[in-house]
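Notes to accompany the following structure.
Read the figures in this text as sums done on the coordinates, not as results from a lab. The structure displayed is predicted, hence computed values, not measured ones. Please note: Cβ atoms are built from the backbone with ideal geometry, for glycine as well, and neighbour counts cover all protein chains shown.
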Amino acid sequence: MAAITLKGLKKSYGQAHVIKGVDITIEDGEFVVFVGPSGCGKSTLLRMIAGLEDISAGSLTIGDKVVNDLPPKDRGVAMVFQSYAIFPHMTVRENVAFGLTISGASKEEKDAKVAEAARILQMEHLLDRRPSQLSGGQRQRVAIGRAIVRKPAVFLFDEPLSNLDAALRMDMRMEIGKLHQQLGATMIYVTHDQVEAMTLADKIVVLKDGLVQQIGSPMDLYHRPDNVFVAGFLGSPSMNFLTVDVTEVSGTHATVRNAALDPTSIEIRHPGIVAGGKAKLGLRPQYLNPDDPAGRLHGRVALTERLGSETVIEATLTDGSNLIVALARDAHFPIGQDISLGFDPDMAHLFAA
Amino acid sequence: MMQSNDNHGLRLFLRYLLLVLIAVMFAFPLVFMVMSSFKPDQQLLLDSGNVRAFLPVGDLSFNNYFEAFERAPIGVFIFNSVLVTVVTVVLSLFLCSTAGFAFTFMEWRGRKLAFTIILATLIVPFETIAIPLLLLASKMPWIGFDGLTWGWLNSYRVQIIPFIADGLTIYLFAQYFKDLPGELIEAARVEGASWWQIYRKIVMPLSGPVLATAAILKFLVMYNQYLWPLMVVQQEEYRPVMVGLQYFFQLNIAWGEVMAYLSLITIPVLAFYLYLQKAFIASLASTGVKG
Ligand SMILES: Nc1ncnc2c1ncn2[C@@H]1O[C@H](COP(=O)(O)OP(=O)(O)OP(=O)(O)O)[C@@H](O)[C@H]1O
Ligand SMILES: [Mg+2]
């Protein structure tokens, strides 16, 4: 089995610096998810680990070997691509057995391993079909099957579910989770679907512009984001940010206010908060309560979306900014009605402006 | 948009009419050739001014064929041409596809420059390099059954080797490979395949259409070789079909025999081409890479 270490990893295409020095430690058997906006370098980083892209600088260790200069086939990794990349001229069986065929495995060995993979992925009945006769979800199974037969120490997934419809995506997500339990292999998974990230990951790596923003468990990142980017990236609907004035700093707490917000004392967890300056107050939509008699944030309802089990309110605050409130119940708030929102100061995040 | 049935039918009719006219235009010379090959010279010349030229009428016989065989060793010529053509096509498909593979999928120093140079050769007409090539061929060494010899003139190899690699075929392959989904190649690499295995097990099986195209183009070029064999082959035993045509253009041209000879060397090729075209379309439909 294999732990993976990325040390000062960089990648440039000529003058374009795409990965700008990334350090990540991945334990053996861990499920790590890379998330980040489009173009931030997730795929590039994954392909560098696979050996499909050269490493411009830094070192990459898989197991106890530095593999910077090893070709993909000598790295002990398997990869599942967004487009599935199953070979159109081979049957499912031949596709799944491809790696074994290449390594010269006997027919008996191939048959046994393909049968086992097919059982795990419940695709025994598909083995003699051609890829053109498969649905998207079935193709994805074949791609995963091809990855698991060789029992590699490391699995790499690049947005494997993004071409599937929502229902199938959920099924496959759970299956990948189960697969990780069963195989116990190290898995690195790229996605920009935060539900996938939150549910699958032992550890999430948030990337932006080729740099790591934060690494931690899903709940770490959700409850203790290091910066505005991470705070805004995880969670749906995403976190509200208000620009506030810091009126007073005393010990571990700061008092903040603005035209819409009554003075509130918030714990300081990040540097850069000074009395008399500005700050960004982050409030998750789910933690805002319109029924709180001690509501401290004032505005009026601009829009209400009722989904039955959930209600999303867009409010225009007294200072002119917009705010999203998510209630876990059905409620009716007429447009234009005044609204006061309460929140638990411990659930608020204060960042330097 | 409204469109009446009549209008649609008329357009269909016109389209077919046009296609038929074009087909007829291409077919006429062939029909003329085949019909004439069965007619004695005198009648052939009389008929050639009117529609009878395209009809199997008058004094028909195989005489022209018998005489053509008397006049020239046609079997030898056809054998030579087929041998040279088939060997060149096979070697060319292999060499040019591996070259295209290296240009498309592999990273190496000077790749872009080398490809540019190969593309540049596309605009150099063969006539320009014929003389230097002749000089070169006349001095090349060869190791064969009789040990080391110098000079390639009067041989099969001099008709084959210069035509194995060519810019157009390499370009065709490189272009086709570029459109194959790159992730297929990457998946194979991650699965442990060597470059050679990727070429053989992934790329070639998906290359039916381009192989057929390249084969047809190369076949036509090779089967129709005239200038080069004229320059490098003086002995009858290595002479190809097009050069063999000279045997029929002596003092008085025997048109009937010319037509018989041309029919003999054209019809099999035409049949083969039509067959390949079918295979070509079938392979396009079956690879399913693009769908
Ligand atoms: N061959 C290349 N040459 C130059 N720039 C490249 C090349 N490949 C990728 N890039 C750039 O590298 C950056 C990162 O690309 P990458 O594919 O890793 O993004 P990503 O995070 O996977 O995005 P997405 O979520 O859209 O898949 C992008 O800005 C892209 O334009
Ligand atoms: Mg990507």
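Here are the numbers for this structure:
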{"read-out": "Sorted by Cβ density within 10 Å, fewest first, the residues A:His89, A:His253", "value": "A:His253, A:His89"}
{"read-out": "Radius 10 Å from Cβ of B:Ala193, net charge of other residues (Lys, Arg +1; Asp, Glu -1)", "value": "+3"}
{"read-out": "Label zone at A:Asp209 (point 7 Å along Cα-to-Cβ), backbone N below 14 Å, the stretch A:5-22", "value": "A:17-21"}
{"read-out": "Label-point separation in nm, B:Gln246 to B:Glu67, each point 7 Å along Cα→Cβ", "value": "2.2"}
{"read-out": "Neighbour-count ranking [beta-carbon atoms within 10 angstrom, fewest first] of B:Val190, B:Val210, B:Val34", "value": "B:Val34, B:Val210, B:Val190"}
{"read-out": "Peptide A:79-85, shielding by other chains (average Cβ, 10 Å cutoff)", "value": "5"}
{"read-out": "All aspartates and glutamates inside 14 Å of A:Lys42 as judged from Cα atoms, apart from same-chain residues fewer than 8 positions distant", "value": "A:Asp23, A:Glu53, A:Asp158, A:Glu159, A:Asp193, A:Asp209"}
{"read-out": "Stretchable slack from A:Arg300 to A:Val249, in nm (0.36 nm times residue separation minus alpha-carbon distance)", "value": "15.4 nm"}
{"read-out": "Of the chymotrypsin sites (Phe, Trp or Tyr not before Pro) in the stretch B:203-264, those whose Cβ has at most 10 other Cβ within 10 Å and which sit in DSSP loop", "value": "B:Phe249"}
{"read-out": "Cβ-based charge dipole, the stretch B:23-113, positive-most Cα from B:Val86, B:Ser37, B:Phe66", "value": "B:Val86"}
{"read-out": "Relative contact order [Cα under 8 Å, 6+ residues apart], the stretch A:240-352, whole percent", "value": "31"}
{"read-out": "Peptide B:194-206, shielding by other chains (average Cβ, 10 Å cutoff)", "value": "2"}
{"read-out": "Euclidean distance between Cα centres, the stretch A:26-71 to the stretch B:206-231, Å", "value": "46"}
{"read-out": "MRE, 222 nm, helices only [DSSP H, n ≥ 4, -39500 (n - 2.57), over chain A, to nearest 500]", "value": "-6500 deg cm²/dmol"}
{"read-out": "For chain A: relative contact order, % (alpha-carbon pairs under 8 angstrom, 6 or more apart)", "value": "15"}
{"read-out": "Within chain B, helix-based [θ] at 222 nm, where runs of 4 or more DSSP H residues each add -39,500 (n - 2.57), nearest 500", "value": "-21000 deg cm²/dmol"}
{"read-out": "At R0 = 41 Å, FRET efficiency that the Cβ-Cβ distance of B:Ile123 and A:Arg129 yields, to 0.05", "value": "0.30"}
{"read-out": "FRET efficiency, A:Arg119 to A:Asp171 (Cβ-Cβ, R0 22 Å, nearest 0.05)", "value": "0.80"}
{"read-out": "Violating pairs (Cα-Cα greater than 32 angstrom) within the set A:Lys203/B:Lys201; A:Lys65/A:Lys208; A:Lys73/B:Lys112", "value": "A:Lys203/B:Lys201"}
{"read-out": "Mean Cα-pair separation over length for the stretch B:48-196, i.e. relative contact order, pairs under 8 Å, 6 or more apart, %", "value": "32"}
{"read-out": "Tail fraction, Cα-Cα pairs, the stretch A:4-233, threshold 23 Å, whole percent", "value": "48"}
{"read-out": "Inter-chain shielding of A:62-73 (mean C-beta neighbours from other protein chains, 10 Å cut-off)", "value": "2"}
{"read-out": "Directionally averaged projected area (convex hull, Cα atoms, the protein assembly as shown), nm²", "value": "46.2"}
{"read-out": "Modelled FRET efficiency - R0 56 Å, B:Leu45 with B:Asn7, Cβ distances, 0.05 increments", "value": "0.70"}
{"read-out": "Candidates B:Gly49, B:Gly167, B:Gly244: whichever shows maximal mean-square fluctuation once chain B is modelled as a Gaussian network with Cα springs under 10 Å", "value": "B:Gly49"}
{"read-out": "Calculated from backbone phi, Karplus (6.51, -1.76, 1.60) coupling profile of the stretch A:49-62 in Hz, x at Gly/Pro", "value": "5, 6, x, 8, 10, 5, 9, 6, 7, x, 9, 10, 10, 10"}
{"read-out": "Relative packing of peptides B:101-109, A:54-62 - highest average C-beta neighbours within 10 Å first", "value": "A:54-62, B:101-109"}
{"read-out": "Approximate spin-label separation B:Leu217-A:Asp292, in nm, with each point projected 7 Å along Cα-to-Cβ", "value": "7.2"}
